[in-house]
Amino acid sequence: MKRCILHVGMNKTGSTSIQATLQRLREQGRFFSPGSQPSGNHGVLLYSMYAPDAEDYPARKALGPDAYDLDEFNARAREEIEALVEQADKAPVVLSGEDVCRLTPEAFATLWEDLNAWLDQVDVYAYVRSPRALITSAYQQRYKNRLVPVGEEYVLQTKLRYNISFAKMDAICGEGVLQLRPYHPAGFLNRCVVQDFFDWVGIPLQAHEVINENQGLSLPAIQMLHAHRRYGRAIAKGRAGERVFRVLVRQLQKLPGPKFALPDALVERALAGQADDIVWMEQRLGEPLQDVTSGSAQVTSLDDLEQVSLDSVELMLDLWRRAYGRHFPTMLVGPLWEDPGCVASCIDTVGLALSELKPAMHPVKRW
């Protein structure tokens, strides 16, 4: 029997780590998965193949000139998936992409029709994040993208999109095909979403094979990125600057501290008018969407992000020194510490130093 495992997210539920692990293990025979996307995110393929607005799809264009021609890109994508289908009698085909949730009902119906024409069984899986956690994580993600603006208005614009993401799948796939699970890491296998997912879909996985990507940032890390974004200089333009910024974020993910949590009042304003969507999701799950706030530090307002402790900055510099073998002076003494712009200048200096490292800023050692 040829089986397909279709993982559709949702956003902010560990999909990046799941996809990175799938990409690493794709040639070991436990499953078959497209390898053309280095990130392991197959949503780029599926959205490009089926979405009516795929011509202007930014995620595809970001892949570079080879992906600019939509027809050629889709032809290669279809050929790649059909080649995997030919082997599906040996192991399941796994497709993972959050952007499948963004497909229109008509587009998803076409995808569903093709999958069922190619394969004998198609199972659909998704994790569901609670409203507060989803809004907080979505806002935190904005800080990880140096070109995306941040501010209170962007918190208020966040939409949960539970119904629009999943109702069409229930209607098209039929009862029981779409399996949903609340995103509660405390209840996951070894508290790990990657291990939980592989166990859920029935694919063997050892703990040491897990790749964790796009990890959440602590409050001190968010505060430093906020200072850099608001007061700092652009480290570099184009891809070089993006590369340096990714290195900065990767190291900040290691910075310890309480988790970042948005103010209650701001979250309540963002959720205003979305009560029906929450009720629909809870009824579909058969249980309430519970927010887990243990270990979090809620700021009273986004202005609190201006307050960075000197201890956190010194720890950040130590992390970078250990990883890259470079000494970065603190430069924050006396009354200068009162100015958050000094924190930004400190981070800018680190970024400029990292941009000079060859090759492209790979750490001297991993720890």
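The values are calculated or read from the model by the stated rules, or taken from the named source; none is laboratory data. Owing to the predicted nature of the structure, the values given are computational and were not obtained by experimental measurement. Here Cβ is always computed from backbone atoms with ideal geometry, including for glycine, and neighbour counts include all displayed protein chains.
Can you pull out the residues in segment 259-282 that are under 24 Å from the mean Cα position of the chain (by Cα) and aromatic (Phe, Trp, Tyr)? Hit for segment 259-282 is 260, nothing else.
A count restricted to segment 105-146 and to residues that are touching a helix residue (DSSP H, G or I) at 6+ places or on another chain (Cβ under 8 Å), farther than 26 Å from residue 86 by Cα and assigned to a loop (DSSP other than H, G, I, E, B) stands at 3. Among the numbered conditions (1) within 30 Å of residue 206 (Cα to Cα); (2) over 22 Å from the mean Cα position of the chain (by Cα); (3) surrounded by fewer than 17 Cβ atoms within 10 Å (Cβ to Cβ), the only one that residue 79 does not meet is (1). Selection of segment 186-199 for residues being in contact (Cβ under 8 Å) with a residue 12 or more places away in the chain and surrounded by fewer than 18 Cβ atoms within 10 Å (Cβ to Cβ) yields 186, 190.
Among the criteria (1) on the phi < 0 side of the Ramachandran plot; (2) in a loop (DSSP other than H, G, I, E, B); (3) within 20 Å of the chain's Cα centre (by Cα), the one residue 214 does not fulfil is (1). Across segment 145-161, a minimum of one residue is classified as at pLDDT 95 or above and within 22 Å of residue 185 (Cα to Cα). The listed residues are 288, 256, and the only one of them that is under 20 Å from the mean Cα position of the chain (by Cα) and surrounded by fewer than 16 Cβ atoms within 10 Å (Cβ to Cβ) turns out to be 256. Against the definition (assigned to a helix (DSSP H, G or I) and surrounded by 15 or more Cβ atoms within 10 Å (Cβ to Cβ)), how does residue 172 come out, yes or no? The answer is yes for residue 172.
Could you tell me which residue of segment 1-28 is farthest from residue 113 (Cα to Cα), considering only residues that are polar (S, T, N, Q), in contact (Cβ under 8 Å) with a residue 24 or more places away in the chain and assigned to a loop (DSSP other than H, G, I, E, B)? Going through the qualifying residues, I end up with 13. Filtered by the rule that a residue be among the charged types (D, E, K, R) and in contact with a helix residue (DSSP H, G or I) (Cβ under 7 Å, 6 or more places away or on another chain), segment 37-78 gives 55, 60, 61, 78. Filter segment 277-289 down to the residues that are free of Cβ contacts under 8 Å to residues at least 12 places away in the same chain and on the phi < 0 side of the Ramachandran plot and list them by number. Matches in segment 277-289: 279, 282, 283, 288. Is it the case that residue 63 is under 30 Å from residue 285 (Cα atoms) and either part of a loop (DSSP other than H, G, I, E, B) or modelled with pLDDT of 95 or more (or both)? Taking the combined requirement at face value, the residue does not satisfy it.
Residue-wise test of (1) among the basic types (Lys, Arg); (2) part of a helix (DSSP H, G or I); (3) out of contact with any strand residue (DSSP E or B) (no Cβ under 6 Å at 6 or more places or on another chain).
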| position | (1), (2), (3) |
| --- | --- |
| 246 | yes, yes, yes |
| 251 | no, yes, yes |
| 260 | no, no, yes |
| 267 | no, yes, yes |
| 280 | no, yes, yes |
| 283 | no, yes, yes |
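Residue check: is residue 126 among the small types (Gly, Ala, Ser) and touching a residue at least 60 places away in the same chain (Cβ under 8 Å)? Against the criterion (among the small types (Gly, Ala, Ser) and touching a residue at least 60 places away in the same chain (Cβ under 8 Å)), residue 126 qualifies. The number of residues in segment 115-131 that are of a type outside the set (A, V, I, L, M, F, W, C) and crowded, with 16+ Cβ neighbours inside 10 Å comes to 6.
Across segment 297-325, what is the number of residues that are outside any loop (DSSP other than H, G, I, E, B), in contact (Cβ under 8 Å) with a residue 40 or more places away in the chain and either hydrophobic (A, V, I, L, M, F, W, C) or closer than 17 Å to residue 133 by Cα (or both)? Qualifying residue count, segment 297-325: 9.
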